[in-house]
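Coordinate-derived values only; no laboratory data. No experiment lies behind these values; they were computed from the predicted model shown. Using ideal geometry, Cβ is built from the backbone for each residue, glycine included, and neighbour counts are taken over all protein chains shown.
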Amino acid sequence: MGQRALITGITGQDGSYLAELLLAKGYEVHGAVRRVALEDPEHRLLRLSAVRDRVVLHAASLESFASVYQLVAKVLPDECYHLAAQSFVSYSFDDEFSTLNTNINGTHFLLSAVKDLAPKCRFYFAGSSEMFGKAEQIPQTEKTPFHPRSSYGISKVCGFELTRNYREAYGMHASNGILFNHESPRRGFEFVTRKITSGVARILAGKSKELSLGNLDAQRDWGHAREYVQAMWLMLQQPQPDDYVVATGETHSVREFVDLAFSCAGLDYRDYVVTDPNLFRPAEVNLLLGDCTKAQTQLGWTAGTGFDALVREMVEADCRTLGVTGQVGASFARP
Ligand code: NAP
Ligand code: GDD
């Protein structure tokens, strides 16, 4: 029997790619899901459709230590990837309390249960470039100080420090990924990239006339999620646990993303995009740019998908879903 992995947040973008990667490597893959997911699999397990019959899903509540403890006791994983989180930064301004609760307590409960029940288990925490926030250095490395700008960012700093402390205090093989933004056709619709690419497809399909966006000047280091889950796995294969920045080393503005996504479809974004002041954040993270030299040298990991290819893949996928056919770069045929 191969290694046994437990993934929290398996229904999300990264969880679904990671489940596929681990299955391909011969792992027995277990996933923690919310109870409602098991009752509405067509919608809530959509991203897992390719592997649904090869993963073992367990209903568990991140808000309950007893539930997390029982989960770990049942699975006794060799590797645990903690991806579940309230991951939408904008929403964290509307609901700081549940963001902090889920993201901090969920991480603490899981670390504590793993320490007691499966102390040899290797643990991955999904840290974020949002921890750098109002970044004090460009580009950001593992040594750049944190300056989070939202309760989401604060919750990730806390999860990062808990993970590091369990490593130092209890000798756990616990690693932090400091992942910069990563996207794919499986990205949630609330995030700006997918909002844009699905918006382009809806406009082409005649379902929308415009697209409302917030701050077009924010800059992000955007990579492909399928590649970023490989970095998570590589971290847990190292003899020693550590913390790693995972990024492309290129930054682009939201405006550049919009411009390219619309031009892929033969459209000029200025004819469709409207700016809505309500979509601006109370405290913005203006510029993220990662330096992943450490991941390159120690893990042998590099980002493969460039910005153009990422945008095109996402536009094409959303167009295909809405029945808009055509080739990127050429004009699309309306359904
Ligand atoms: P995602 O698509 O939003 O997935 C989030 C996952 O967390 C989903 O499976 C969701 O389950 C689960 N979850 C949310 N709240 C929960 C709760 N209260 N109880 C149990 N499960 C809950 O996020 P992602 O893009 O895959 O990101 C994975 C992780 O990496 C997250 O921790 C995120 O903060 C972090 N991260 C992401 C990026 C990025 O650019 N994607 C960068 C850095 C760090 P449901 O399906 O039931 O909602
Ligand atoms: N969501 C959204 N919607 N963002 C917008 C919009 C809009 O209409 N208009 C402009 N933006 C800007 C945001 O203000 C932000 O500067 C940027 O687009 C990216 O926003 P998101 O796609 O929501 O991602 P994020 O950078 O806040 O957070 C993502 O990346 C983090 C890693 O840096 C999430 O995946 C986090 O979970 C992750 O930790």
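Remarks
For every residue, the table says whether it meets (1) in contact (Cβ under 8 Å) with a residue 40 or more places away in the chain; (2) surrounded by fewer than 24 Cβ atoms within 10 Å (Cβ to Cβ); (3) within 15 Å of ligand 1 (Cβ to nearest atom).
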residue	(1), (2), (3)
104	yes, yes, yes
123	yes, no, yes
143	no, yes, no
157	no, yes, yes
162	yes, yes, yes
167	yes, yes, no
180	yes, no, yes
191	yes, yes, yes
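- Of residues in region 172-212 being within 8 Å of ligand 2 (Cβ to nearest atom) and touching a strand residue (DSSP E or B) at 6+ places or on another chain (Cβ under 6 Å), the one farthest from residue 152 (Cα to Cα): 212
- Hits in region 33-42 - residues which are charged (D, E, K, R) and in contact (Cβ under 8 Å) with a residue 12 or more places away in the chain: 34, 35
- Of the criteria (1) closer than 30 Å to residue 65 by Cβ; (2) touching a strand residue (DSSP E or B) at 6+ places or on another chain (Cβ under 8 Å); (3) not in a strand (DSSP E or B), which one residue 123 fails: (3)
- Positions within region 257-276 being touching a residue at least 12 places away in the same chain (Cβ under 8 Å) and of a type outside the set (Ser, Thr, Tyr), in sequence order: 257, 258, 260, 261, 262, 264, 265, 266, 267, 273, 274, 276
For every residue, the table says whether it meets (1) touching a Leu at 6+ places or on another chain (Cβ under 8 Å); (2) closer than 20 Å to residue 91 by Cα.
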site	(1), (2)
163	yes, no
167	no, no
179	no, yes
192	yes, yes
195	yes, yes
215	yes, yes
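- With respect to the stated conditions, residue 231 is assigned to a helix (DSSP H, G or I), over 21 Å from residue 88 (Cα atoms) and within 13 Å of ligand 1 (Cβ to nearest atom).
- Residues (within 9 Å of ligand 2 (Cβ to nearest atom) and under 21 Å from residue 242 (Cβ atoms)) located in region 86-134: 126, 127, 128, 129, 130, 131, 132
- Any hit, region 19-40, residues being within 16 Å of ligand 2 (Cβ to nearest atom) and crowded, with 17+ Cβ neighbours inside 10 Å: no
- Some residue of region 226-239 being in contact (Cβ under 8 Å) with a residue 12 or more places away in the chain and in contact with a Cys (Cβ under 6 Å, 6 or more places away or on another chain): no
- Some residue of region 236-246 being away from ligand 2 (no atom under 14 Å from the Cβ), charged (D, E, K, R) and not in a strand (DSSP E or B): yes
- Condition check for residue 60: buried (at least 22 other Cβ atoms within 10 Å of the Cβ), of a type outside the set (Val, Ile, Thr) and within 14 Å of ligand 1 (Cβ to nearest atom): yes
- Residue pairs meeting the criteria (Cβ under 8 Å; at least 6 apart or on separate chains; first under 14 Å from residue 49 (Cβ atoms) and touching a residue at least 60 places away in the same chain (Cβ under 8 Å), in region 6-32; second away from ligand 2 (no atom under 16 Å from the Cβ) and among the small types (Gly, Ala, Ser)): 10/19; 10/31; 10/32; 15/31
- Scan of region 266-322 for residues that are within 16 Å of ligand 2 (Cβ to nearest atom), outside any loop (DSSP other than H, G, I, E, B), under 24 Å from residue 178 (Cα atoms) and touching a helix residue (DSSP H, G or I) at 6+ places or on another chain (Cβ under 7 Å), ordered by number: 290, 295, 311, 314
- Residue satisfying condition, being small (Gly, Ala, Ser) and away from ligand 1 (no atom under 15 Å from the Cβ), within set 133, 206: 206
- Counting the residues of region 143-170 that are more than 13 Å from ligand 2 (Cβ to nearest atom) and within 29 Å of residue 4 (Cα to Cα) gives 11.
This table checks each residue for (1) within 17 Å of the chain's Cα centre (by Cα); (2) away from ligand 1 (no atom under 16 Å from the Cβ); (3) closer than 21 Å to residue 198 by Cα.
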{"position": "282", "(1), (2), (3)": "no, yes, no"}
{"position": "286", "(1), (2), (3)": "no, yes, no"}
{"position": "289", "(1), (2), (3)": "yes, no, no"}
{"position": "298", "(1), (2), (3)": "no, yes, no"}
{"position": "312", "(1), (2), (3)": "no, yes, yes"}
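- For residue 68, the conditions (1) touching a residue at least 12 places away in the same chain (Cβ under 8 Å); (2) under 21 Å from the mean Cα position of the chain (by Cα) all hold with the exception of (2).
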